[in-house]
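Worksheet for the structure shown next.
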Amino acid sequence: MNKLRLRLLKILHDNKGQYISGEDISNRLRVSRTAIWKHIKILRDNGYNIDSRSKCGYTLLKVPDKIIPEEILLDLPTEYIGQNIRLFERIDSTNKKAKILAEKGIEKGAIVIAEEQCEGKGRLGREWYSPPGTGLWFSLILKPDFKPDKAPFLTIVASLAVVDVLGKYKLNPEIKWPNDILLADKKVCGILSEMSAELDRINYAIIGIGINVNQKVFPDYLKNTATSVRINFGDRINRNVFLKKLLISFAYYYDLLLTEERKKLLSIWEKKLNLLNKNIKIKSRGASCRGRAIGVSEKGELLVKTQDGLKSFWAGDATLHQK
Ligand code: BTN
């Protein structure tokens, strides 16, 4: 979006609920009233509902229900997380696209986001259902300056950020290890982290986050296991606002990770894990075992007390198991 239009948008947002005169806007932006009118028209053509009244001026009534990078970028206080947004109407997978852009050298913190994914990727080779206009399907590109063995912490950072934002909507999410976010026992968000690394350094990491935001219904094969923020919150959610909050939270936890506050991260994460102190069945690398989840290690692994002693897991599929 053109810089002038972005500044106009900010004035309209800052004055929401009241009219601001064309003269006032043109003085602030140092352009003619005709130029203001032209940009108001473009915003309206893009779905913004802006009312105008003679002698009163303009007021913003409604932002379109679309992902709009400018809405996310307005006053986004992060240093670099989310400051470069690449939006696609329809794409195979934002993780795939993010990888291509990372290989080409896009800067750290950039995000790739799509209104719809036609080949959304889930963990363990599964498909991720990503219908148009309802969810947040995006991938964050990072270039952390630490060794690849710390990479699982990136997923922890992402899950804590999602949990934080859901809490801001008065919801009470849980984390199903390793990285599913649940609301009322159904999955609302999945995270797929991928990376390109050498033995001692990460070239880049892609944190793919899929959040069911505004779906009211799910296809049959998902309806018993999936849910959306809207279903739990009871009302439509503004996805731009949600994503902005998420980027701010992500930057906060990522900073904890970069400043070696891993213990703090882990203790917050542990408290949100739904399997803790429960009997579980865990499948990892083709093998399965049963035991009691008793905590997380300093490296972020799940610690499971089994008949054969204490075992630790980086990743896998864990389910509750009644003894
Ligand atoms: C899971 O299986 O729980 C992980 C799902 C991750 C889905 C997100 S949506 C955005 C990004 N692009 C993808 O293709 N997948 C991730």
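Go through (1) open to solvent by 10 Å² or more (accessible area, probe 1.4 Å); (2) within 16 Å of the ligand (Cβ to nearest atom) one by one and return the number of the condition residue 201 breaks. Result: residue 201 fails condition (2) only.
Conditions tested, residue by residue: (1) buried (at least 18 other Cβ atoms within 10 Å of the Cβ); (2) modelled with pLDDT under 90; (3) not in a strand (DSSP E or B).
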site: 219; (1), (2), (3): no, no, yes
site: 241; (1), (2), (3): no, no, yes
site: 251; (1), (2), (3): yes, no, yes
site: 283; (1), (2), (3): no, yes, no
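Just wondering, is there one or more residues in the stretch 167-183 that are of a type in the set (Ser, Thr, Tyr), assigned to a helix (DSSP H, G or I) and more than 16 Å from the ligand (Cβ to nearest atom)? No, the stretch 167-183 contains no residue that is of a type in the set (Ser, Thr, Tyr), assigned to a helix (DSSP H, G or I) and more than 16 Å from the ligand (Cβ to nearest atom).
A search for C-beta distances below 9 Å between a residue of the stretch 86-107 that is farther than 18 Å from residue 136 by Cβ and any residue that is away from the ligand (no atom under 13 Å from the Cβ) and of a type in the set (Phe, Trp, Tyr), counting only pairs 6+ apart in sequence or on different chains, returns 99/204; 102/204; 103/204; 106/204; 107/80. As a summary of the residue check, residue 96 satisfies the conditions (1) surrounded by fewer than 14 Cβ atoms within 10 Å (Cβ to Cβ); (2) of a type outside the set (Val, Ile, Thr); (3) within 16 Å of the ligand (Cβ to nearest atom) except for the one numbered (1). When only residues in the stretch 139-160 that are touching a helix residue (DSSP H, G or I) at 6+ places or on another chain (Cβ under 8 Å) and assigned to a helix (DSSP H, G or I) count, which is surrounded by the most Cβ atoms within 10 Å (Cβ to Cβ)? Checked the stretch 139-160; the qualifying residue surrounded by the most Cβ atoms within 10 Å (Cβ to Cβ) is 157. If the condition is being near the ligand (Cβ under 8 Å from one of its atoms) and assigned to a loop (DSSP other than H, G, I, E, B), then the stretch 109-133 contributes 119, 120, 122, 126, 128, 130. Residue 142 fulfils the conditions (1) within 13 Å of the ligand (Cβ to nearest atom); (2) touching a strand residue (DSSP E or B) at 6+ places or on another chain (Cβ under 6 Å) except for a single criterion, (1). Entry remark, the stretch 266-288: residues being closer than 13 Å to residue 312 by Cα and out of contact with any strand residue (DSSP E or B) (no Cβ under 7 Å at 6 or more places or on another chain) number 1 in total. List, please: which pairs have Cβ atoms under 6 Å, are six or more places apart or on different chains, and start with a residue in the stretch 289-317 that is more than 22 Å from residue 260 (Cα to Cα) and basic (Lys, Arg) and end with one that is open to solvent by 30 Å² or more (accessible area, probe 1.4 Å) and part of a loop (DSSP other than H, G, I, E, B)? If the second residue must be open to solvent by 30 Å² or more (accessible area, probe 1.4 Å) and part of a loop (DSSP other than H, G, I, E, B), the pairs left are 290/321.
Could you run through the stretch 161-182 and say how many residues are out of contact with any strand residue (DSSP E or B) (no Cβ under 8 Å at 6 or more places or on another chain) and crowded, with 20+ Cβ neighbours inside 10 Å?
Let us first name the residues in the stretch 161-182 that are out of contact with any strand residue (DSSP E or B) (no Cβ under 8 Å at 6 or more places or on another chain), namely 161, 164-165, 167-170.
From what is left, the residues that are crowded, with 20+ Cβ neighbours inside 10 Å are 161, 165.
Qualifying residue count for the region: 2.
Quick check on this structure: which one of 187, 223 is of a type outside the set (A, V, I, L, M, F, W, C) and either away from the ligand (no atom under 12 Å from the Cβ) or not in a strand (DSSP E or B) (or both)? One residue alone meets the criteria, 223. Residue pairs whose Cβ atoms lie under 7 Å apart, sitting 6 or more positions apart in sequence or on different chains, and linking a residue in the stretch 119-132 that is in contact (Cβ under 8 Å) with a residue 60 or more places away in the chain and within 14 Å of residue 96 (Cα to Cα) to a partner that is assigned to a strand (DSSP E or B) and of a type in the set (Asp, Glu), are 120/127.
The values are calculated or read from the model by the stated rules, or taken from the named source; none is laboratory data. It should be emphasised that the depicted structure is a prediction, and the values quoted were computed from it without experimental measurement. When we count neighbours, we look across all protein chains shown, and the Cβ atoms used for this are built from the backbone with ideal geometry, even at glycine. The protein model used for the area step is the full one, side chains on, heavy atoms only, and it has no ligands, DNA or RNA in it. Shrake-Rupley method; radii C 1.70, N 1.55, O 1.52, S 1.80 Å.
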